[in-house]
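Working notes for the structure below.
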Amino acid sequence: MLLNGIITGLIMGGILSLPVLGVAVIYGITGIPNFAIGVIGVLGGFVTWYFLSFNMGVAIVIGIAVCFIIGYIIQRILLTPISERGGDSTLFFIITVSVGFVFEGIIRAIFPRPNISLELPRIGTINLAGVTVEGFKIFALLFALGTLVVIRLLEEHTEIGKSWQATSQNLKLAKLIGINTNRVFSIASGIGCALACVGAIFWGSLYNLQVSTGWDLGFMGFIIAVVGGIGNIWGGIISALIMGMVMSFSGYLLGGEWQSVILYFIVILVLIIAPKGILGSERSL
Amino acid sequence: MIEPILKITGLTACYGKISAIKAINFYAHDNEIVGIVGPNGAGKTTLLESIAGSMRIKNGRIFFLGRHIEKWPVLKRRQLGLMLVPQEGNVFPMMSVKKNLEISVILSNRAERKGLIDYVYELFPILWERRKQIANTLSGGQQKMLAVGLGITSNARVMLIDEPSIGLAPKLVTRLFETLKKIKEDTKKTIVLSEQNIKILNIADRLFGLEAGKIRFDEKTKNLSRDIVKDLYLGSIS
């Protein structure tokens, strides 16, 4: 049971870490808390589901691309202009939640189904020390960790990655030095939404995807990111894995209904002890 | 007479309703060090930020390399060849010295980049020694050198520097100013710097005296006496 709990927790944490990464990338670079990314990600999940019978690879690419484009555009035409006029966190909370409701409505209008399940190949099963795990779940976890590594490598070794770092560390100087910070913001927002979409796709194939799942993914992603140290990518993933474990074990030991009580109790406790999160953050909300 | 590469006429900029600079006329030629001198609150920073585009102006024209740029955003002015080294927040604090310099060459073509960075290391050998160090752990003087270094690697035709001497020990000020002079001689570029330090007289070709948002004098340095500049710093030129 112990091993089973650990594995379930790791996988849950791994999937959750994708929207967490999305939040971390967007907040870390733009300084804007975007609560709509979960809903946008779920829209991508529904789009993928729609095209799934056509071709799986194409369907996933379309879903992710749709989310990237939505993220890019809302940053460009809405969030960056508001930020330049000095919008604060409260304003962004209200605006991005409203954006989330807009997309929730769009999902309901286009896909009149309460929930969907994405049938993706299970990639066999793997036996880990006596516990049988679906290959697909292992893939989901590895994918999440791989994404983290790719993002870190991009940051260290590519011009766009260095521009991200520069923009997040000193926006004014980044502009003066000649970085197109508006484009950096838009790309960050696009990538954040695309990551949320991947998270939604995994979620939709392991459990099922409802319109409201977007809020779960978005808010949980945000809370987990804050616990890890918002904007801190490593903190985010560590926090996601810990939270996955907490959910898994509290589910096993106390039953599913206690999961969220334990989870959010721990969240509050961590934030009282370390208001800037486990690994700390350069920015604060 | 040669046309200046940077020419400003009737420039007015405000903070709220209070105008920080009023109807300023200013110009700079190629291969020249121009000092903007004046006491605190004279409007030196406002003037530099208006030229760089990080502050919105109310009135006036800015003519640079044959273009009217007063309505351009920062990035476009930067691409044409203007770079401001601000007084504070002038390095990327969590990056190493090396990475700071690597990011600042972003607009230069690849062939030039290494040469620009090597030139900064040649001017400031301490930055080469400290190249792996994170910028916000450098001393104040070293950070200032890095900030000027970022201005150099930007390869801009006109480098605007906001009070580089502030917070530096007198010996370092002399060294920094000598380096700026060497940069001008090596690169044939234009350096515009605001200052409150009297040593500016040793390096500037021309000085603009700024007081309460207005130009008080515009003179070749050799025609100015130390006393006039000192009086201006104390805020009593008339």
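The values are calculated or read from the model by the stated rules, or taken from the named source; none is laboratory data. Because the structure is predicted, anything quoted here is derived from the model rather than measured. No Cβ is skipped: glycine too gets one built from the backbone with ideal geometry, and neighbour counts run over all protein chains shown. Heads up: the accessible areas ignore ligands, DNA and RNA and are worked out on the full protein's heavy atoms, side chains in. Shrake-Rupley method; radii C 1.70, N 1.55, O 1.52, S 1.80 Å.
Within the bounds of segment A:150-164, is there any residue that is at pLDDT 90 or above and among the polar types (S, T, N, Q)? Yes, there is a match, as at least one residue in segment A:150-164 is at pLDDT 90 or above and among the polar types (S, T, N, Q).
Just to be sure I understand, how many residues within segment B:60-81 are part of a loop (DSSP other than H, G, I, E, B) and more than 13 Å from chain A (Cβ to nearest Cβ)?
Kept after step one, since they are part of a loop (DSSP other than H, G, I, E, B), are these residues of segment B:60-81: B:65-66, B:69-73, B:81.
Filter again for more than 13 Å from chain A (Cβ to nearest Cβ), leaving B:65-66, B:69-71.
Result for segment B:60-81: 5.
Please return the ranges of helices (runs of 4 or more DSSP H) entirely within segment A:85-196 where 1 or more residues are touching a residue at least 24 places away in the same chain (Cβ under 8 Å), within 14 Å of another protein chain (Cβ to nearest Cβ) and buried (at least 20 other Cβ atoms within 10 Å of the Cβ). Walk me through how you get there before you give the answer.
Values: elements: A:89-110, A:135-157, A:159-169, A:171-177.
Filter on segment A:85-196 gives A:159-169.
Filtering segment B:169-219 to residues that are under 30 Å from B:ILE18 (Cβ atoms), free of Cβ contacts under 8 Å to residues at least 40 places away in the same chain and aromatic (Phe, Trp, Tyr) leaves only B:PHE217. Going through (1) of a type outside the set (D, E, K, R); (2) under 27 Å from A:GLU104 (Cα atoms); (3) within 14 Å of chain B (Cβ to nearest Cβ); (4) not in a helix (DSSP H, G or I) one by one, A:ILE230 falls short only on (3).
Got a sec? Which of A:ALA59, A:ALA36 is over 22 Å from A:TRP164 (Cα atoms) and either surrounded by 19 or more Cβ atoms within 10 Å (Cβ to Cβ) or touching a Ser or Thr at 6+ places or on another chain (Cβ under 8 Å) (or both)? Explain how you work it out, then say what you get.
On the way: A:ALA36 fails: over 22 Å from A:TRP164 (Cα atoms).
Exactly one of A:ALA59, A:ALA36 is over 22 Å from A:TRP164 (Cα atoms) and either surrounded by 19 or more Cβ atoms within 10 Å (Cβ to Cβ) or touching a Ser or Thr at 6+ places or on another chain (Cβ under 8 Å) (or both), namely A:ALA59.
Taken over segment A:62-84, the residue count meeting the criterion of being open to solvent by less than 70 Å² (accessible area, probe 1.4 Å) and more than 13 Å from A:VAL198 (Cα to Cα) is 11. For segment B:129-169, which residues satisfy the criterion of being of a type in the set (Val, Ile, Thr) and open to solvent by less than 30 Å² (accessible area, probe 1.4 Å)? Selection gives B:VAL148, B:ILE152, B:THR153, B:VAL158, B:ILE161. Would segment B:4-15 turn up any residue that is assigned to a loop (DSSP other than H, G, I, E, B) and touching a His at 6+ places or on another chain (Cβ under 9 Å)? Yes - at least one qualifying residue is present in segment B:4-15.
Could you identify the single residue in B:VAL85, B:VAL74 that is at pLDDT 95 or above, touching a helix residue (DSSP H, G or I) at 6+ places or on another chain (Cβ under 8 Å) and either closer than 15 Å to A:LYS172 by Cβ or crowded, with 23+ Cβ neighbours inside 10 Å (or both)?
B:VAL85
I'm trying to understand the selection: among the residues of segment A:107-146, which are of a type in the set (Gly, Ala, Ser) and under 23 Å from A:LEU2 (Cβ atoms)? Can you show your working first?
Residues of segment A:107-146 that are of a type in the set (Gly, Ala, Ser), as a first pass: A:109, A:117, A:124, A:129-130, A:135, A:140, A:144, A:146.
Those that are of a type in the set (Gly, Ala, Ser) and under 23 Å from A:LEU2 (Cβ atoms): A:ALA129, A:GLY130, A:GLY135, A:ALA140, A:ALA144.
Evaluation of B:GLU185 against the conditions (1) of a type outside the set (Lys, Arg); (2) at pLDDT 95 or above; (3) open to solvent by 20 Å² or more (accessible area, probe 1.4 Å) shows that the sole unmet condition is (2).
Out of all the residues in segment B:10-20, is one or more closer than 28 Å to B:ILE183 by Cβ, of a type in the set (Val, Ile, Thr) and away from chain A (no Cβ under 14 Å)? Taking every residue of segment B:10-20 in turn, none turns out to be closer than 28 Å to B:ILE183 by Cβ, of a type in the set (Val, Ile, Thr) and away from chain A (no Cβ under 14 Å).
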